[in-house]
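Notes follow the structure.
The values are calculated or read from the model by the stated rules, or taken from the named source; none is laboratory data. A quick note: this is a predicted structure, and the numbers were derived from the prediction, not measured. Reconstructed Cβ throughout: ideal geometry from the backbone, glycine too, with neighbour counts over all protein chains shown. Just so you know, the surface numbers come from the protein's heavy atoms only, side chains and all, with ligands and any DNA or RNA stripped out. Shrake-Rupley method; radii C 1.70, N 1.55, O 1.52, S 1.80 Å.
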Amino acid sequence: VASVDVQVGLLGYGTVGAAVNRLLTEQADDIERATGHRLRVVKALVRDLDKHRDYRPADGVLTSDFADIRDDPSIAVVAEVMGGVEPAGGYVLELLGGGKHVVSANKQLVARRGAQLFSTASAAGVQLRFEASVCAAIPVIKVLREALVVTNVHRVLGIVNGTTNFLLTEMEAGQSYDDALADAQARGYAEADPTDDVSGADAAAKMAILATVAFNSRVDLADVDYRGIQEIDPLDLAAARELDMVIRLVGAARLVDGHVDVRVRPALVDKQHPLAKVDGAFNAVMLQGDAIREITLEGPGAGGVETASAVIADMVSVIGTMGTGFLQNDAAWRELPPLPAGDNRSPFYFRLSVEDRPGALARVAEELAERSISVARLLQHQNGDGAALHVITHEARAGALDEALDAIAGLPDVRHRPQPLPVISERGVVELGWA
Ligand SMILES: NC(=O)c1ccc[n+]([C@@H]2O[C@H](COP(=O)([O-])OP(=O)(O)OC[C@H]3O[C@@H](n4cnc5c(N)ncnc54)[C@H](OP(=O)(O)O)[C@@H]3O)[C@@H](O)[C@H]2O)c1
């Protein structure tokens, strides 16, 4: 069979873009043998033409003029690997509108502007693929959109940020937050400004994309309720250890009675749960659905080559299905309402600092009981001149627990308003040994 030469363009030639070009060049023969197509980068957009590049493209490939890619009729597929919402978003819209297929690694763009991008692609009869935007090398989008097309997925749980998972794993081993962060920065796992990662914002963007694809209903970044790991205290880590659990930053997307609930929280995860075994900078996504019961995908969630492998796989898929109408539709074909705030249910953990006086615990228990929240497990530690109470509730409505915690924060013996963390376990309290 004659091989087909396919010319592709890149928006961006940084960590990921250069890795795409390197893989396409060094593995051109393998890719051709596997797919029958030879992919060649013919134009790559950058800001600075004079910058040193470790892996230089062929002469004439780099350009600082977007029109060189947009107006080149020989380029049918473009990978957007430049990042940022603008000008990347405007460029992608122009490319799609002009009939070019686009593959993007940009979670911020897909999570914030997905509706507009997909409707433009759909109208122009081209594909927008975005595998690399979520968990880099892990092929979760393809699994959801193609492999599980007849499966009603109703819950997605994910460790989708490698930086925070690395930090939590190091903190579990006894490092302070600051030391763990310095270590992560030295190894290239964390940016100089780690705010997006540690605040949960990066994980929220990925969960918005995963929820949209899993439930076929648009979830924007603004719909995701997220919190990061900055407030995790060594006392929480110690309590988790004592409870045979670990703390992980977990994204959870669920379908609840026709409503969508997407949140990112540090959570106490039962050591028997698959997500508890995800250590270091790795990512994992667990999909639960009617026919499949449970599928967990785990792997590297970042890195130049890892991300480039997903970008190239998407380009290969686009090329293989061009002109067929396949996946030119918007995955979000229905509009499910969000779950009302406070209606999500879970077992929760919270830590209270109380004056070590008789009756303090009884008053806390009273506020919980008044809202029908029952305690599954209680640990108490002496903490200087006070006591730290670690409370695990049975499944409760988050809104009811918030009310109880507001009331508890007002009690004279309580030192601050606790922040509840969800508890993730597929086992009941008896199996956990808490009964
Ligand atoms: N790196 C990872 O591990 C990873 C993992 C998953 C997803 N991603 C996503 O992949 C995308 C690229 O990441 P990266 O790490 O490769 O970024 P990067 O190293 O900063 O590269 C960005 C590239 O885009 C070019 N660029 C940026 N703004 C531009 C503009 N306004 N006009 C023209 N060119 C512009 C830059 O040009 P110059 O070279 O001239 O500066 C550079 O070549 C991002 O969306 C990121 O979130 C990255």
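Quick notes
- Output for segment 128-161, where each listed residue is closer than 18 Å to V262 by Cβ, surrounded by 17 or more Cβ atoms within 10 Å (Cβ to Cβ) and of a type in the set (S, T, N, Q): S133, N161
- Restricting segment 42-80 to residues that are hydroxyl-bearing (S, T, Y) and under 21 Å from Y91 (Cα atoms), the residue that is farthest from the ligand (Cβ to nearest atom): S74
- Looking only at segment 1-41, and only at residues there that are assigned to a helix (DSSP H, G or I) and touching a strand residue (DSSP E or B) at 6+ places or on another chain (Cβ under 7 Å), the one that is farthest from the ligand (Cβ to nearest atom): E32
- Filtering segment 317-326 to residues that are touching a helix residue (DSSP H, G or I) at 6+ places or on another chain (Cβ under 8 Å) and surrounded by fewer than 18 Cβ atoms within 10 Å (Cβ to Cβ) leaves only G320.
- Inter-residue pairs, beta-carbon under 7 Å, first within 22 Å of R351 (Cα to Cα) and in segment 248-274, second open to solvent by less than 10 Å² (accessible area, probe 1.4 Å) and basic (K, R), 6+ apart: A267/R248; V269/R248
- Test: residue in segment 321-335 that is in a helix (DSSP H, G or I), under 28 Å from the mean Cα position of the chain (by Cα) and either modelled with pLDDT of 90 or more or hydroxyl-bearing (S, T, Y) (or both): yes
- Yes/no for D197 being within 23 Å of G428 (Cβ to Cβ) and either at pLDDT below 95 or open to solvent by less than 30 Å² (accessible area, probe 1.4 Å) (or both): no
- Considering residues of segment 269-283 that are touching a Gly at 6+ places or on another chain (Cβ under 9 Å) and not in a loop (DSSP other than H, G, I, E, B) only, the residue nearest to the ligand (Cβ to nearest atom): N283
- Residue in segment 351-362 that is under 26 Å from A267 (Cα atoms), out of contact with any Phe, Trp or Tyr (no Cβ under 9 Å at 6 or more places or on another chain) and β-branched (V, I, T) present: yes
- Qualifying positions in segment 335-369 - of a type in the set (D, E) and over 26 Å from G433 (Cα atoms): E335, D343, E355, D356
Residues checked against (1) among the polar types (S, T, N, Q); (2) within 30 Å of A222 (Cα to Cα):
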residue	(1), (2)
R38	no, no
S74	yes, no
Y91	no, yes
G98	no, yes
A121	no, yes
R129	no, yes
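- For first residues located in segment 59-70 and in contact (Cβ under 8 Å) with a residue 12 or more places away in the chain, partners that are in a loop (DSSP other than H, G, I, E, B) and open to solvent by 60 Å² or more (accessible area, probe 1.4 Å) and lie 6+ apart or on another chain with Cβ distances below 7 Å form the pairs L62/L49; S64/R47; S64/L49; R70/G98.
- Residues being open to solvent by less than 60 Å² (accessible area, probe 1.4 Å) and assigned to a strand (DSSP E or B) - total across segment 384-400: 9
- Subset tally (residues that are in a loop (DSSP other than H, G, I, E, B) and surrounded by fewer than 18 Cβ atoms within 10 Å (Cβ to Cβ)) for segment 284-316: 3
- Out of G97, G90, G83, G125, one residue alone is over 19 Å from N161 (Cβ atoms), open to solvent by 10 Å² or more (accessible area, probe 1.4 Å) and within 11 Å of the ligand (Cβ to nearest atom). It is G90.
- First in segment 112-124 and without any contact (Cβ under 8 Å) to a residue 60 or more places away in the chain, second anywhere and open to solvent by 40 Å² or more (accessible area, probe 1.4 Å) and assigned to a helix (DSSP H, G or I), Cβ under 9 Å, 6 or more apart: T120/G97; A123/G97; A124/G97
- Residues that are under 27 Å from V260 (Cβ atoms) and either within 16 Å of the ligand (Cβ to nearest atom) or aromatic (F, W, Y) (or both) within segment 299-336 comprise G299, G301, A302, A310, D314, F326, W333, listed in sequence order.
- Positions within segment 100-122 being open to solvent by less than 40 Å² (accessible area, probe 1.4 Å), of a type in the set (A, V, I, L, M) and more than 18 Å from A76 (Cα to Cα), in sequence order: L109, V110, A111
- The criterion of being out of contact with any Ser or Thr (no Cβ under 9 Å at 6 or more places or on another chain), open to solvent by 30 Å² or more (accessible area, probe 1.4 Å) and not in a loop (DSSP other than H, G, I, E, B) holds for L378.
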